[in-house]
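Colleague: My structure is below; once you've seen it, I'll send some questions.
The values are calculated or read from the model by the stated rules, or taken from the named source; none is laboratory data. The structure displayed is predicted, hence computed values, not measured ones. Heads up, the Cβs are rebuilt from the backbone with ideal geometry, glycines too, and the neighbour counts pull from every protein chain shown. Accessible surface is based on the protein model in full, side chains and every heavy atom, while ligands, DNA and RNA are left aside. Shrake-Rupley method; radii C 1.70, N 1.55, O 1.52, S 1.80 Å.
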Amino acid sequence: MLPEVKEEHFEVWEENWPAVEMFLRCQTQWRTTMSGVCGLDYTAVQWLFKLYEVKDQPAVLEDLQIMESAAMKILNKENK
């Protein structure tokens, strides 16, 4: 039997949507090692930026890296 998933609702400020959308687009682009997740594949991120014509790439990348760091802590904690 699958564990019950608690649904949480949260607000995303309008100025953060570009980074949230990119994070979701990159969800299958994680680099991994035997020790766990080590980060996003930035070659794939760059390609997605170009594909989706991201305007302010440096700002979106900085926001994406904050989410990446938080996600890595959670993902690697689950692997232990």
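Colleague: Using a 1.4 Å probe on the protein chains only, how many percent of the accessible area of the chain belongs to carbon and sulfur? Present the calculation step by step, with values, prior to reporting the outcome.
Modeller: Working: 3870 of 6940 Å².
Reported share for carbon and sulfur atoms: 56 percent.
Colleague: Quick one: accessible area per residue over the chain, 1.4 Å probe, rounded to a whole number of Å²? Kindly include the intermediate steps, with their values, before the conclusion.
Modeller: Details: 6940 Å² over 80 residues.
With the other protein chains kept in place, the chain gives 87 Å² per residue.
Colleague: Now for a separate question. Would you mind putting 57-69, 5-17 in packing order, based on average other-beta-carbon counts within 10 Å, highest first?
Modeller: Numbers: 57-69: 15.5, 5-17: 7.1.
The densest-packed peptide leads the list: 57-69, 5-17.
Colleague: Which ³J(HN,Hα) values in Hz, rounded to whole numbers, follow from the phi angles of the range 58-64 under the Karplus curve 6.51 cos²θ - 1.76 cosθ + 1.60, where θ = phi - 60° and Gly and Pro get x?
Modeller: x, 5, 5, 4, 4, 5, 4
Colleague: Further question: Whose amide H sits under 5 Å from the amide H of THR32, counting only residues 5 or more places off or on another chain, with H placed in the peptide plane?
Modeller: Under 5 Å from the amide H of THR32: CYS38.
Colleague: Right, another one. How large is ³J(HN,Hα), in whole Hz, for each residue of the range 34-49 in order, when computed from phi with the Karplus curve 6.51 cos²θ - 1.76 cosθ + 1.60 and θ = phi - 60°, using x for Gly and Pro?
Modeller: 5, 8, x, 7, 10, x, 6, 7, 5, 5, 5, 4, 4, 4, 5, 4
Colleague: Here's something else I'd like to know. In whole Hz and in residue order, list the ³J(HN,Hα) couplings for the range 16-31 that follow from phi through the Karplus curve 6.51 cos²θ - 1.76 cosθ + 1.60, θ = phi - 60°; x for Gly and Pro.
Modeller: Each residue of the range 16-31 in turn: 9, 4, x, 6, 5, 4, 5, 4, 5, 5, 8, 4, 9, 10, 7, 8 Hz.
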